[in-house]
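The values are calculated or read from the model by the stated rules, or taken from the named source; none is laboratory data. This structure is a prediction, so every number in the text was calculated from the model and none was measured. Heads up, the Cβs are rebuilt from the backbone with ideal geometry, glycines too, and the neighbour counts pull from every protein chain shown. Keep in mind that these areas ignore ligands, DNA and RNA; they rest on the heavy atoms of the full protein, side chains included. Shrake-Rupley method; radii C 1.70, N 1.55, O 1.52, S 1.80 Å.
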Amino acid sequence: MKHTQRATLGGKLSAVLVAAGSSVGLGNIWRFPYVAGDNGGGAFLAIYILCVLILGLPLMIAEFSVGRASRKNAVGAYRALDRKWSFLGYNGVLAAFLILGFYFVVAGWTAEYMVHSVTGELARYSTAEEYTAMFERFIQNPWRPLLYTLLFITATHFVIALGVQKGIERSAKVLMPLLFIILIALAVHSLLMPGGSEGLRFFLKPDFSKITAATVLTALGQAFFSLSIGIGTMVTYASYFKPETNLRHTALNVTILDTLVALLAGIAIFPAVFSVGIQPSSGPSLVFITLPGIFNGMPWSMVWSSVFFLLLVVAALTSTISLHEVITAYMHEEWHLSRKSAAWATTGATLVLAALASLSLGVLNGWRICGLNLFDALDYLTANILLPVGGFFTCIFVGWRLDRKILQMQVTNDGQLPFRIRTLFLFLLRYLCPAILLLVFLDNLGAF
Ligand code: PHE
């Protein structure tokens, strides 16, 4: 319904910016270094980059095509193209909800760190033990993280309520270049720390003897998570793209930007990890206990850390907006709620889940799902299962089920653009990508 009234995004730059706004976020700066550190560094990075190129890029083009061809929310889009495939949209809506459950919590941490940077609290500590103790004290406190999470959810809600176009476009435009600049400064500073080169070696030098089936699945899941694919975000965003947006270029630019940010984050984090004496496998706390150590040695440390955490807050916000939008657009168009009520319903539901996830790191730590607390379980279930499953079925749908003419029309903008990589693109979508995804799954289930 109502697709004539749908907002569209501005020119070419805007399509890239909003899609990059969704992709670049805590996935690059918080999750990527922590899973890379957990999985041995260099070899993980090599597999990650292969996953991005072989699976991520074609899948993003495929999702863009589905979104712009149908101009609907994730569920409506698949349903409009083939009734039987709406389950793929539901998988996305569910994944978006579950991701928001833990993403809002981590986003809240970044907001707290921003405040601590401004007040000078962060600069008071100087050893790895002190940074770790401060972080643990904070996340185990029942109220403070909840408060910041609530703040973050409120901010997301209001941007969504302002409308897709204004809210999202504006914030992405200014802040993305700034994030790059500050990451480069951090990386340079971290590389110059004593003992930093060992960290760089850990991050860049592959040691394939450490690779297991689980490592490959984690790299694959991280690639999907970071690029925001397998979940309907790119379908939803592309439904607002203009007819003249070049889908391939947009996907390529977003992929390059996203990967560069992850790489820079790794180069900034790992030298400092080794220099300060932190375990690279410290898990979700890694970035939060490492960054203060980098800032500490910099002149004007309070200014650097305040600006950095502010940018991280914004990067996280452009990602939470895109996740929120998947659910809001679905409820608005499929349940016929007003956009405002749909946004409120999404906000309310995610608030409850995020509060439980936050408490699961402290007072509710005893609640276990397959041995994991709720926070870790949401992280694992979405990145390692729901997104790759979504990606697998997207390959099958776009590669085998979708009318070839529709795909051709979307990728070539109605015949106006050449499609030289057509054979390669179809080969990847129809054969190679689903085969890899299937093998990785079977391998993780112990089939080999
Ligand atoms: N890609 C975002 C990040 O890296 C997270 C995200 C995942 C957003 C899935 C939308 C969909 O932070």
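So here's what we get for this one:
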item: Heavy-atom SASA rank of GLU130, GLU112 (probe 1.4 Å, accessible area, largest first); result: GLU130, GLU112
item: Accessible-area order (highest first, 1.4 angstrom probe) of the listed residues PHE135, PHE97; result: PHE97, PHE135
item: Extension reserve of the LEU372-SER341 stretch, reckoned as 0.36 nm per residue once the Cα distance is removed; result: 7.8 nm
item: Mean Cα-pair separation over length for the chain, i.e. relative contact order, pairs under 8 Å, 6 or more apart, %; result: 35 percent
item: Area of HIS332 that stays accessible when all protein chains are in place (1.4 Å probe, Å², to 10); result: 30 Å²
item: Helix axis angle, 42-51 relative to the chain longest principal axis, alpha carbon, degrees; result: 20 degrees
item: Helix-derived mean residue ellipticity, 222 nm - over the chain, DSSP H n ≥ 4, -39500 (n - 2.57), to 500; result: -22500 deg cm²/dmol
item: Shape of the range 319-417, Cα gyration tensor, a/c cut at 1.5; result: oblate
item: Cα centre as origin, Lys/Arg/Asp/Glu Cβ charges: the range 80-233 dipole, Debye; result: 440 debye
item: Translational D in µm²/s for the range 249-327 (Stokes-Einstein at 10 °C, 1.306 mPa s, Kirkwood Rh from C-alpha pairs); result: 110 µm²/s
item: Rg [Å, one decimal], Dmax [Å, integer] - the range 333-372, C-alpha atoms; result: 14.7, 40
item: Most positive-pole-ward Cα, TRP335, ALA354, ILE421, against dipole of the range 327-448 from beta carbon charges; result: ILE421
item: MET176 - accessible surface, heavy atoms, 1.4 Å probe, Å² rounded to 10; result: 20 Å²
item: Probe 1.4 Å - accessible area at ARG401, Å² to nearest ten; result: 130 Å²
item: Approximate shape of the range 190-234 as ellipsoid semi-axes (Cα gyration tensor, √5λ), whole Å, largest first; result: 29, 17, 5
item: Where the Cα pairs of the range 364-425 fall when distances are cut into 5 Å bins, in %; result: 4, 14, 15, 14, 11, 9, 8, 7, 7, 6, 3, 1
item: Heavy-atom accessible surface of the range 60-118: percent carbon and sulfur, 1.4 Å; result: 65 percent
item: Aspartates and glutamates with Cα under 17 Å of LYS242, excluding same-chain neighbours fewer than 8 positions away; result: GLU63, GLU169, ASP414
item: Mean shadow area of the chain over all directions, Cα convex hull, nm²; result: 20.0 nm²
item: Extended-chain gain in nm, criterion 0.36 nm per residue less alpha-carbon gap, SER126 and LEU445; result: 110.5 nm
item: Volume per residue that the Cα convex hull of the range 65-147 spans, once the total is divided by residue count, Å³; result: 146 Å³
item: FRET E, pair GLN408, LEU50, Förster distance 35 Å, beta-carbon r, rounded to 0.05; result: 0.80
item: Degrees separating the helix 286-296 axis from the principal Cα axis of the chain, which is the longest one; result: 60 degrees
item: Extension gain, LEU417 back to LEU438 (0.36 nm per residue minus Cα-Cα distance, nm); result: 4.3 nm
item: Cα-based helix-to-principal-axis angle, 433-444 vs the chain, degrees rounded to 10; result: 50 degrees
item: Rounded if a/c under 1.5, otherwise prolate or oblate - the range 183-277, Cα gyration tensor axes; result: oblate
item: Heavy-atom accessible area order for GLU129, GLU121, largest first, 1.4 Å probe; result: GLU129, GLU121
item: Top positive-direction residue, dipole computed over the range 379-448 with Cβ charges, set LEU432, GLY446, ALA383; result: LEU432
